[in-house]
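S.K.: Structure incoming, see below.
The values are calculated or read from the model by the stated rules, or taken from the named source; none is laboratory data. None of the values given here were measured: they were computed from a predicted structure. FYI the Cβ positions are ideal-geometry reconstructions off the backbone, even for glycines, and counts take in every protein chain you see.
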Amino acid sequence: MRVLAFDTATARTAVALMDLEAGDNARPRAVLDLALVDDPAPGTRPGHARLLLELVHRLLERSGGGWDAVDRIAAGIGPGSFTGLRIGLATAKALSASSGVPLVGVSTLQALAVPAHGRGKATLAVIDARRGEAFVAGWTAVQDPLTDVPALAPQVLAPEQLAAAAAALGAACSVIGDGAVRFRDVFVRGGAQIPADESPLHRVSAREHCRIAGLQPAAPSTSIEPAYLRAADAEATRA
Amino acid sequence: MTGLILAIETSCDDTCAAVITGAGEIRSNVISSQQVHDRFGGVVPEIASRHHLALLSPVLDEALRAAGATLDQVELVAATRGPGLVTALVVGFSAGKGLAAARELPFAAVDHLHGHLAASFLRPAEFEPPFLALIASGGHTLLADVRDHGPQLRLLGQTLDDAAGEAFDKGARLLGLGYPGGAALERLAAGGDPRAFAFPAAERMPGLDFSFAGLKTALLYKVRELGEPEAERRRADLAASYQRAIVAALLIRVRRALKQTGARRLAVGGGVAANGPLRAALAELGVELEVPPPALCTDNAAMIASAARYSKALRFPAYLGLDVYATGAQRL
């Protein structure tokens, strides 16, 4: 199965195109495993609107096949930047409607957790939610983020709640994501383990979206919505 | 062009999609007004943007269904690039680029104000340049010298502060009416004396630019001066006098612009064009007048499709890297 995936929930624009083996593992086939990312320069805004379709186009060109060869589109539904999510999902729904390729929504927190999980440890995925808060979801040591519903459901937490959330998942919980870097001190004091700031585990790669989507049934694209996790009214009352 | 043009407009709080023919005939023009901003007294960008994403797919489906068309018949996709609310614009613009990209169709990035002018080009009116255009809406108030089909805009004047529609909304709010308040204020004004209070129309401001901020303040002070019971008793008079000032402010500059350009023909666009007293006053100017039907005056995608006929259609993949813009015009 060939899956085209992208994620625009964080500052990084991430796109991947992958042929999956048949079976439960959804391991990438060596034949086609392409990924492109673009990180905005420090202090500059994410370039999702400009970059997303450019990167998709480049990957399709490299693959030597067009939309006819794609079996599924996977789009990150966040949580993350509201505008980023809308650019990603508006694009995904349009590509799906126009090409006829089914669309799957993938949790960005789940995609972050997949490569970090293992070695018998719990995993907490954390995305910086701005305003001093964090979006989190967590999997216990016996769970598999690739297929399992997270024991700690996606939600927004204040810094003082973060250490307890990691500890509740299991001892020496592995914490990853740009929110893990942002709130490193809080987690470390609570006994969690965080890879070095520059570790790729903290950054979203759309390759995991391909694997997750390969194991999910396609849904009607109207049912795919961003995981905002915060009410729009909150924005209004702040304005 | 023999095929159809599919256009999307999401620059403010209306989610719009339309299908027109290459000759400028409207096949469908779907507008989904959100009507969720009332309790905030204005458009909240985050709320508007969430609704755009939720509504866009059904609105697009409906535009194609109502046109009796499928994507296979679409030869050009167009979307509003700006000006407007960036978070709202990127929803429709991303969708437009995506729809075009998956089929390697050409794509036209349309300026919203060019769209308002191009509403007049649509059939059956086919009001052709040259003409003077007055665009007055909740987000824009301007006069343009339309000598050709665009996209270059020859701006003669524009508002220096509030838009005319914004003045209506803010006045309506002061008088205890809901949002958007233009139509409610007009209804209330119908039972009042437009000469009861003398509100300023910025008559002494020379040139063709508009200003409505002083008018809004004048109404606020008048309401305070009268006191609550008296202001309540004379609401209709206040509304009528306030409306008269807005219409006068528009008329003064339209007359000046007609004189300055020598134009004998006038097209009006924007939501304020639905205002009865304004239409009546414009009809007495003695020039050939074109006021498109309401669905083409307020924000809509048929006008964006119309403008797309005269905009540069970019071939795949030249448009993939385009982004929206919040202010200004014509970045192409």
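S.K.: Going through B:Gly96, B:Gly150 one at a time, which residue ends up being touching a Phe, Trp or Tyr at 6+ places or on another chain (Cβ under 6 Å) and either crowded, with 24+ Cβ neighbours inside 10 Å or away from every other protein chain (no Cβ under 14 Å) (or both)?
M.R.: Values: B:Gly96 fails: touching a Phe, Trp or Tyr at 6+ places or on another chain (Cβ under 6 Å).
Result: B:Gly150 is the single residue among B:Gly96, B:Gly150 that is touching a Phe, Trp or Tyr at 6+ places or on another chain (Cβ under 6 Å) and either crowded, with 24+ Cβ neighbours inside 10 Å or away from every other protein chain (no Cβ under 14 Å) (or both).
S.K.: Being under 30 Å from A:Thr83 (Cα atoms), assigned by TED's automatic domain parsing to the domain that holds B:Ala144 and not hydroxyl-bearing (Ser, Thr, Tyr) narrows it down to one of B:Gly262, B:Gly271, so name that one.
M.R.: Details: B:Gly262 fails: under 30 Å from A:Thr83 (Cα atoms).
Matching residue, one of B:Gly262, B:Gly271: B:Gly271.
S.K.: Taking the criterion of being out of contact with any Cys (no Cβ under 8 Å at 6 or more places or on another chain), of a type in the set (Gly, Ala, Ser), within 30 Å of B:Ala118 (Cα to Cα) and not assigned by TED's automatic domain parsing to the domain that holds B:Val44, would at least one residue in region B:193-201 satisfy it?
M.R.: Just the residues of region B:193-201 that are out of contact with any Cys (no Cβ under 8 Å at 6 or more places or on another chain), to begin with: B:193-201.
This time we only want the ones that are of a type in the set (Gly, Ala, Ser), so: B:196, B:198, B:201.
Cutting the leftovers down to within 30 Å of B:Ala118 (Cα to Cα) gives us B:201.
Pick out the ones that are also not assigned by TED's automatic domain parsing to the domain that holds B:Val44 and you get B:201.
Yes: region B:193-201 contains one or more residues that are out of contact with any Cys (no Cβ under 8 Å at 6 or more places or on another chain), of a type in the set (Gly, Ala, Ser), within 30 Å of B:Ala118 (Cα to Cα) and not assigned by TED's automatic domain parsing to the domain that holds B:Val44.
S.K.: Checking B:Ile31 against (1) among the β-branched types (Val, Ile, Thr); (2) outside any helix (DSSP H, G or I); (3) within 12 Å of chain A (Cβ to nearest Cβ), which single condition isn't satisfied?
M.R.: It is condition (3) that B:Ile31 fails.
S.K.: Another question about this same structure. Could you figure out which of (1) outside any helix (DSSP H, G or I); (2) touching a residue at least 40 places away in the same chain (Cβ under 8 Å); (3) over 20 Å from B:Leu105 (Cα atoms) isn't true of B:Ile20?
M.R.: (3)
S.K.: Hand me the list of strands (runs of 3 or more DSSP E) wholly inside region B:58-149 holding 3 or more residues that are hydroxyl-bearing (Ser, Thr, Tyr). Full working, then the answer.
M.R.: On the way: elements: B:74-82, B:107-111, B:131-136, B:141-146.
Once the strands (runs of 3 or more DSSP E) in region B:58-149 are filtered for at least 3 residues that are hydroxyl-bearing (Ser, Thr, Tyr), nothing remains.
S.K.: Then there's this: Could you count how many residues in region B:192-218 are assigned to a loop (DSSP other than H, G, I, E, B) and at negative phi? Can you show your working first?
M.R.: As a first pass, look at region B:192-218 and keep what is assigned to a loop (DSSP other than H, G, I, E, B): B:192-209, B:211-212.
Adding the requirement that they be at negative phi leaves B:192-201, B:203-206, B:208-209, B:211-212.
Residues meeting the conditions: 18.
S.K.: Please find, among A:Leu157, A:Leu124, A:Leu95, the residue that is over 25 Å from A:Leu55 (Cβ atoms) and surrounded by 24 or more Cβ atoms within 10 Å (Cβ to Cβ).
M.R.: A:Leu124
S.K.: What strands (runs of 3 or more DSSP E) completely inside region A:1-75 contain at least 2 residues that are modelled with pLDDT under 95 and more than 29 Å from B:Val90 (Cβ to Cβ)? Steps first, please.
M.R.: Working: elements: A:2-7, A:13-20, A:28-38.
It comes to A:13-20, A:28-38.
S.K.: Can I ask one more? Check B:Leu143 against each of (1) on the phi > 0 side of the Ramachandran plot; (2) more than 14 Å from chain A (Cβ to nearest Cβ) and name the one condition it does not meet.
M.R.: Failed condition: (1).
S.K.: If you scan region A:174-216, which residues turn out to be at pLDDT 95 or above, more than 12 Å from the chain's Cα centre (by Cα) and in a loop (DSSP other than H, G, I, E, B)?
M.R.: Matches in region A:174-216: A:Phe183, A:Ile194, A:Pro195, A:Ala196, A:Asp197, A:Glu198, A:Ser199.
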